[in-house]
1. Please specify each residue of segment 246-268 satisfying the condition of being surrounded by fewer than 20 Cβ atoms within 10 Å (Cβ to Cβ) and either in contact with a Phe, Trp or Tyr (Cβ under 7 Å, 6 or more places away or on another chain) or at pLDDT below 75 (or both).
2. Going through Phe121, Phe165, Phe173 one at a time, which residue ends up being over 19 Å from Ser25 (Cβ atoms) and touching a strand residue (DSSP E or B) at 6+ places or on another chain (Cβ under 7 Å)?
3. If a residue has to be more than 23 Å from the chain's Cα centre (by Cα) and hydrophobic (A, V, I, L, M, F, W, C) to count, how many in segment 311-343 make the cut?
4. Can you give me the ranges of the strands (runs of 3 or more DSSP E) entirely in segment 323-392 with at least 1 residues that are surrounded by fewer than 16 Cβ atoms within 10 Å (Cβ to Cβ) and at pLDDT 95 or above?
5. Looking at (1) without any contact (Cβ under 8 Å) to a residue 60 or more places away in the chain; (2) under 23 Å from the mean Cα position of the chain (by Cα); (3) within 22 Å of Ala257 (Cβ to Cβ), find the lone condition where Asp403 falls short.
6. Please verify whether Ala45 is modelled with pLDDT of 90 or more, more than 30 Å from Phe410 (Cβ to Cβ), aliphatic (A, V, I, L, M) and not assigned by TED's automatic domain parsing to the domain that holds Gly382, treating the condition exactly as stated.
7. Is there a residue in segment 198-212 that is touching an Asp or Glu at 6+ places or on another chain (Cβ under 7 Å), among the β-branched types (Val, Ile, Thr), buried (at least 19 other Cβ atoms within 10 Å of the Cβ) and under 17 Å from Lys413 (Cβ atoms)?
8. Looking at segment 357-377, can you tell me whether even one residue there is under 19 Å from the mean Cα position of the chain (by Cα) and small (Gly, Ala, Ser)?
Amino acid sequence: MVEEFYRENVLMTGIDPGNITTKVSFLNVVGNIENFTIPTVIASAPESAVSYSQQVDNQEDVQIEDYIHIRVDSPAVDKDENNKSWYVGESAKKSTNKLQPNVSENGDAEEKFTDKNRKIFVLPVLSGIAVSALKAGKRHVIAPLSTGIPSKGYLKHEQTLKQRFVGEHRITFIDGPYAGETVIIEIKEDDAQIHAESVTTAIALMYDIENGELLETELKEKLAGKTYTISDLGAGTSDYAVFNENGLDKVMTRRFAEENEGEMSRIGTNPYIDRIIDAVYHDPKFEQQRAIVERLQDESRKPSELTSREIFMKKVVKPAIDKAFETNKNPVFKYSWARTKDVDITKHVLSEIKKYAELQIGNIDAAWVMANTDYIIAVGGGVLFGHFGGLQNLVENEVIIPDLLQSQYFTSKAYLIVSYLMNLQAKQLQS
């Protein structure tokens, strides 16, 4: 069936637009799921590529998702910003005019896809589909949209967001390994789906796709006939979904989103990362560099890692965590700024990670008590972020953490699996 979808230029994707990264899952030509991320950061860009000599400007070995300089012609973008050029993700990190999701002083993440910030989320979603198409060797795809928003805003925005994406989108790559290539994306209204984040995540806990075949996971058997709560720990929010023997418990799930103005749901990693970055910037070892920035009164003099939480996580935090898992040792976080090399910033990082973990452990316990289910399951990027701060102890407290290193992709995989199932059923009805 996957081969038939590819012959008809149907590209199955699932896209989770996060406050730090946009997670993308797509079904490749052999029917397996591939995942990648695009930092949720954008910046206006030149209309053409800046050319240097071939010896110093070789982009052949660059991953597509790491060099996104595109022109976007799309109904999903506001008219006054349509048919313009953008840097998205890694390419936007050093731009002085970059835009990324905001966090309020009390740590609340701003609502996604509002009139004010819509393009910050729309452009990575479209880029994710376009990059998936290039990885699949396609230039014109029919892409059944499968994405989502936090449960709290789902009822309010589901239909308007869906309508915004319906239509034809032309994504032209201006620079990078696919410079000059245009990907045409068709999104049809009947195929488009907007999901509530944690509610749909349950699908990826139960199923996987390998070689085009839908497979049941070991966790599905364990949860059969049981009640469970899913805690999806994200960058901007923590979403909770409760399932009883008959499926989603809508009443309890809505209570988590609304009770005390959704206090438990408002906790994300973003404010903790911001405080880590601030502590690193003010580290005495970087006094000379800091003095130059402040003397010039120019924030653009800061390196990208100290102005973008997305880049800080990707370049500084995640490599140290990955190495810790590889070596089975505690992580050591280091940062270099100009002439000051390999400064140990572990105390700054772990201080905030421990605070985050402590709060989330309390919230997860409270959620389990409130929902009174047989199991509680923790997924999302926050599970990995808080692991070395204390979240590793959740397993000892009987909290289920499936596939820790892939936890950030559970939601995008769920969106993909739901889309695949829907289109598979439509094919079977047609035949």
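1. Asp249, Glu259, Asn260, Glu261, Glu263
2. Values: Phe121 fails: over 19 Å from Ser25 (Cβ atoms); Phe165 fails: over 19 Å from Ser25 (Cβ atoms).
The match here is Phe173.
3. Matching residues across segment 311-343 total 4.
4. Numbers: elements: 334-337, 340-344, 375-379.
Answer list for segment 323-392: 334-337, 340-344.
5. Evaluating Asp403 over (1) without any contact (Cβ under 8 Å) to a residue 60 or more places away in the chain; (2) under 23 Å from the mean Cα position of the chain (by Cα); (3) within 22 Å of Ala257 (Cβ to Cβ) leaves (3) as the failure.
6. Details: modelled with pLDDT of 90 or more: yes; more than 30 Å from Phe410 (Cβ to Cβ): yes; aliphatic (A, V, I, L, M): yes; not assigned by TED's automatic domain parsing to the domain that holds Gly382: yes.
Yes: the conditions hold for Ala45.
7. Of segment 198-212, the ones touching an Asp or Glu at 6+ places or on another chain (Cβ under 7 Å) are 198, 201, 206-207.
Imposing the further condition that a residue be among the β-branched types (Val, Ile, Thr) reduces the set to 201.
Now drop any that are not buried (at least 19 other Cβ atoms within 10 Å of the Cβ), which leaves 201.
With the extra rule that they be under 17 Å from Lys413 (Cβ atoms), the set shrinks to 201.
Yes, that holds for at least one residue.
8. No: zero hits.
The values are calculated or read from the model by the stated rules, or taken from the named source; none is laboratory data. The structure presented is a predicted model; accordingly, all values stated were derived computationally and were not measured. With ideal geometry, Cβ positions are generated from the backbone for all residues, glycine too; neighbour counts draw on all protein chains shown.
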